[in-house]
Amino acid sequence: MPKLPLQFLLLCVWLATTGSSVAVSVKPQQVLDLHYGEVLFHFYQEDYFTAISHLMVARQQQLLQHHYDESELLLGGLQLSYGMPDQAERRFDHLLDETTDADLRNRVWYYLTKIAYQRGHHREALKKLQNIEQPDDALIRTELAVLNANLHMALGDNGGAAELLKNTRAAHGWEEYLRINRGIALLRAGDIEAGRETLDKLGKEGADNEELRALRDRANLGLGYQLLRAGNAGQAREYLNRVRLQGPFKQAALLGAGWADAERGDYNQALTPWLKLLELASYEAPVQEAHLAVPYAFAQLGDSQRAIYFYEQAIGYFDEQQQQLDGAIQATRSGELLSLLSQTDTGISGGWLHETPTLEGVPSGRYLVDILSSHSFQEPLKDYRDLGYLQQLLNLWLDNIDLYYDMVDARRLAYQQRAPLIRARLEKQEAKALYQRWQDYKSLTLAQLGSGDPLDLATGKEKQQWQTLRKVQATLASLAPQPRHSNMLARARWLQGILYWQIQANYKTRLWDVEKQLQALEAPVTEASAKHQQVTEALENAQAGFDGYDRRIAAMRKRILGLLPRIQASRDNASAQLQQLALQELETRRQRLESYRIQARYALARSYDQIAQQSGEQP
């Protein structure tokens with residue numbers, strides 16, 4: 001996983017800010033746009049490529065109505081992390097207008113300050129830093145103070161940097177960092193006593209974690225060497241003795257302790273830390289220098305035999321180191337170093353690389369610890385790996401282009417098979433007929449409201465009974481007048497009256513039900529007509545849509561093919577830069593090793609001369 005710069009990591013915290021300053025809030029931000037929430041999900045999952053891709057799509061489709069400014073800030077931070085400071089700066093500048101609120105303005109000025117600082121424009125960075133309002137949160141206030149102090153030191157104002165750090169109330173966990181920075185600033189300003197007092201206090205304090213213990217060791221080591229250069233070897237030995245033998249500064253502390261003893265003329269005591277260094281299977285400069293220091297101490301003690309033995313051992317050690325360095329230089333020039341450092345580039349999972357490069361298997365790795373951990377090497381290495389990931393991604397997309405063609409062809413074939421059936425169905429005008437029937441019923445209902453004849457709303461059974469009674473009456477009326485027939489006719493008329501009364505009693509309710517049903521049917525009938533029109537238009541435009549997809553896929557292929565050579569050229573440039581940095585470090589080590597070997601050979605020859613002279617003086 002690529003390491004992100006400080007300003008990008010702070011973005012995770014600053015995005016949760018809800019106050020009017022740059023104060024940090026641990027409360028989650030309220031997300032009002034679903035797509036912005038999706039972007040933040042990928043962002044906090046450290047799936048940065050997916051986050052920036054979805055963010056750009058959402059912004060293009062104008063889906064971030066409630067979080068536009070914040071998305072602009074997030075996109076600028078992502079661009080800054082991807083090594084695009086020019087684009088990020090333009091985006092940040094765009095946010096600085098009269099409508100920008102104070103919180104967002106402070107964050108933008110912070111990013112602009114960091115961009116200027118990274119580019120080495122320290123005066124410009126200091127000027128931009130002054131635009132940030134004093135934050136309420138102690139953590140952000142401390143980080144800004146450290147940045148301010150670093151800018152002053154970069155401009156040569158070490159005294160001003162020390163004063164800034166002195167007046168800063170450190171946030172929890174930052175006290176030691178402010179103190180060591182202030183001590184360094186005081187030493188650079190020439191106030192040796194105050195700087196030593198500050199670092200001395202830090203070196204004496206206990207520490208409850210490895211990071212603070214290493215910081216304490218660093219303070220003691222720095223003081224020890226400062227005093228050693230000043231000629232105060234006795235006090236330098238006291239500070240060097242505080243450095244842990246299990247910490248990362250063990251080798252430098254042992255070497256310095258030996259020279260402190262040697263400066264006081266106690267070469268027997270100096271041999272103790274130096275011989276301890278010879279036991280270490282290390283290729284660092286302190287161990288290499290110890291191979292010269294040990295025989296030098298024996299020579300000062302008058303033990304020429306042991307001096308010769310250790311000088312010969314040193315020459316053999318230097319010769320072996322020279323061979324390994326030559327092999328490392330050759331491996332670096334051949335590209336093997338970059339191949340091993342980027343061997344994790346072969347896997348894409350979740351939108352990003354999940355492994356970090358290690359020194360295991362790198363022939364020159366043990367000689368490149370310092371350069372590999374430096375910002376100047378890590379940035380082009382991250383660019384190299386990022387470009388490798390993008391290259392793989394574009395190649396994957398290029399391979400998938402044929403799948404898009406197949407998808408379009410499948411849809412075109414389905415269209416050709418189904419379109420005739422759909423057209424035949426549309427030609428029946430079923431939706432139009434349905435709408436016409438609804439209109440007819442609506443007209444009948446309106447007419448009924450005007451006429452008010454209850455029989456129009458009789459049920460089918462009631463209408464059948466009505467017609468039956470009318471036929472019975474007509475039949476009875478046609479018969480010869482008899483009392484029996486008259487009674488039957490009167491009864492038929494009575495039944496017809498009862499039926500009419502029942503129909504008329506339910507007339508209002510039935511009329512209301514009919515109106516309600518017609519209203520309920522209006523929407524689906526109208527929608528059916530609209531769907532009919534939509535399907536008709538879709539059939540007419542489908543073929544043009546297929547042709548449009550073909551053009552877009554072809555344009556996508558052309559764009560990918562155009563980007564791949566540019567990415568490869570940029571990757572080659574990053575590769576050359578990394579190779580040059582590695583070769584410079586290896587060449588520096590080779591020259592130092594050559595100097596040590598020459599000194600060892602010269603000292604060995606001088607030791608042999610001394611023995612020969614001593615032998616010649618004996619009777």
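Among the listed residues 232, 268, 209, which satisfies the condition of being polar (S, T, N, Q) and either at pLDDT 90 or above or in contact with a Lys or Arg (Cβ under 7 Å, 6 or more places away or on another chain) (or both)? Step through it out loud before you land on a result.
Details: 232 fails: either at pLDDT 90 or above or in contact with a Lys or Arg (Cβ under 7 Å, 6 or more places away or on another chain) (or both); 209 fails: either at pLDDT 90 or above or in contact with a Lys or Arg (Cβ under 7 Å, 6 or more places away or on another chain) (or both).
Only one candidate passes the filter, namely 268.
Test of understanding: among 542, 530, which residue is surrounded by fewer than 12 Cβ atoms within 10 Å (Cβ to Cβ) and either of a type outside the set (S, T, N, Q) or out of contact with any strand residue (DSSP E or B) (no Cβ under 9 Å at 6 or more places or on another chain) (or both)? Working first, answer last.
Numbers: 542 fails: surrounded by fewer than 12 Cβ atoms within 10 Å (Cβ to Cβ).
Exactly one residue qualifies, and that residue is 530.
Within the stretch 91-114, how many residues turn out to be open to solvent by less than 30 Å² (accessible area, probe 1.4 Å), without any contact (Cβ under 8 Å) to a residue 40 or more places away in the chain and either out of contact with any Gly (no Cβ under 7 Å at 6 or more places or on another chain) or of a type in the set (A, V, I, L, M) (or both)?
Residues in the stretch 91-114 being open to solvent by less than 30 Å² (accessible area, probe 1.4 Å), without any contact (Cβ under 8 Å) to a residue 40 or more places away in the chain and either out of contact with any Gly (no Cβ under 7 Å at 6 or more places or on another chain) or of a type in the set (A, V, I, L, M) (or both): 6 in total.
Which helices (runs of 4 or more DSSP H) does the stretch 131-248 wholly contain that include 2 or more residues that are in contact with a Gly (Cβ under 7 Å, 6 or more places away or on another chain) and touching a residue at least 12 places away in the same chain (Cβ under 8 Å)?
Working: elements: 138-154, 158-166, 175-188, 192-204, 210-229, 233-241.
Here the list reads 175-188, 192-204, 210-229, 233-241.
For residue 273, which of the numbered conditions (1) open to solvent by 40 Å² or more (accessible area, probe 1.4 Å); (2) free of Cβ contacts under 8 Å to residues at least 40 places away in the same chain; (3) touching a helix residue (DSSP H, G or I) at 6+ places or on another chain (Cβ under 8 Å) fails to hold?
Every listed condition holds for residue 273 apart from (1).
Quick grid of which residues meet (1) under 18 Å from the mean Cα position of the chain (by Cα); (2) at pLDDT below 80:
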residue: 16; (1), (2): yes, yes
residue: 39; (1), (2): yes, no
residue: 50; (1), (2): yes, no
residue: 57; (1), (2): yes, no
residue: 67; (1), (2): no, no
residue: 84; (1), (2): yes, yes
residue: 101; (1), (2): no, yes
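Determine which member of the set 364, 373 is closer than 30 Å to residue 281 by Cα, at pLDDT below 80, out of contact with any strand residue (DSSP E or B) (no Cβ under 6 Å at 6 or more places or on another chain) and open to solvent by 80 Å² or more (accessible area, probe 1.4 Å).
Details: 364 fails: open to solvent by 80 Å² or more (accessible area, probe 1.4 Å).
After ruling out the rest, the residue left standing is 373.
What is the number of the single condition among (1) open to solvent by less than 60 Å² (accessible area, probe 1.4 Å); (2) under 19 Å from residue 104 (Cβ atoms) that residue 150 does not meet?
In the conditions (1) open to solvent by less than 60 Å² (accessible area, probe 1.4 Å); (2) under 19 Å from residue 104 (Cβ atoms), residue 150 misses (2) alone.
Among the residues that make up the stretch 257-279, is at least one of them within 41 Å of the chain's Cα centre (by Cα) and under 26 Å from residue 216 (Cβ atoms)?
Start the filter on the stretch 257-279 by keeping residues that are within 41 Å of the chain's Cα centre (by Cα), which leaves none.
No: zero hits.
Just the residues that are within 14 Å of residue 455 (Cβ to Cβ) and modelled with pLDDT under 80, please, taken from the stretch 478-504.
Within the stretch 478-504, 503, 504 qualify.
Out of (1) of a type outside the set (Ser, Thr, Tyr); (2) surrounded by 12 or more Cβ atoms within 10 Å (Cβ to Cβ); (3) free of Cβ contacts under 8 Å to residues at least 60 places away in the same chain, what's the single condition that is false for residue 553?
That leaves (3) as the condition not met.
Could you check the stretch 115-132 and list, in sequence order, the residues that are open to solvent by 10 Å² or more (accessible area, probe 1.4 Å) and touching a Leu at 6+ places or on another chain (Cβ under 6 Å)?
Going through the stretch 115-132, the residues open to solvent by 10 Å² or more (accessible area, probe 1.4 Å) turn out to be 117-124, 126-132.
Of everything in the stretch 115-132, those that are open to solvent by 10 Å² or more (accessible area, probe 1.4 Å) and touching a Leu at 6+ places or on another chain (Cβ under 6 Å) turn out to be 122, 126, 128.
Test of understanding: among 415, 384, 389, 441, which residue is over 37 Å from the mean Cα position of the chain (by Cα) and open to solvent by less than 50 Å² (accessible area, probe 1.4 Å)? Reasoning before the result, please.
Details: 384 fails: over 37 Å from the mean Cα position of the chain (by Cα); 389 fails: over 37 Å from the mean Cα position of the chain (by Cα); 441 fails: open to solvent by less than 50 Å² (accessible area, probe 1.4 Å).
The match here is 415.
Being farther than 22 Å from residue 300 by Cα, charged (D, E, K, R) and in a loop (DSSP other than H, G, I, E, B), is that true of even one residue in the stretch 249-260?
No, every residue in the stretch 249-260 fails to be farther than 22 Å from residue 300 by Cα, charged (D, E, K, R) and in a loop (DSSP other than H, G, I, E, B).
Among (1) open to solvent by 70 Å² or more (accessible area, probe 1.4 Å); (2) of a type outside the set (A, V, I, L, M, F, W, C); (3) within 48 Å of the chain's Cα centre (by Cα); (4) at pLDDT below 80, there is one condition residue 548 misses while meeting the rest; what is its number?
(1)
Mind checking which pairs have a first residue in the stretch 566-584 that is under 21 Å from residue 368 (Cβ atoms) and a second that is open to solvent by 70 Å² or more (accessible area, probe 1.4 Å), Cβ under 9 Å, 6 or more apart or different chains?
What qualifies is 579/333; 583/333.
Of 469, 398, 421, which residue is assigned to a helix (DSSP H, G or I), under 19 Å from residue 553 (Cβ atoms) and among the hydrophobic types (A, V, I, L, M, F, W, C)? So that I can check it myself, show each step before the final result.
Values: 469 fails: under 19 Å from residue 553 (Cβ atoms); 421 fails: under 19 Å from residue 553 (Cβ atoms).
Exactly one of 469, 398, 421 is assigned to a helix (DSSP H, G or I), under 19 Å from residue 553 (Cβ atoms) and among the hydrophobic types (A, V, I, L, M, F, W, C), namely 398.
The values are calculated or read from the model by the stated rules, or taken from the named source; none is laboratory data. Nothing here was measured: the structure is a model prediction, and the numbers come from that model. When we count neighbours, we look across all protein chains shown, and the Cβ atoms used for this are built from the backbone with ideal geometry, even at glycine. Quick note on the areas: whole protein, heavy atoms, side chains included, nothing else; ligands and nucleic acids left out. Shrake-Rupley method; radii C 1.70, N 1.55, O 1.52, S 1.80 Å.
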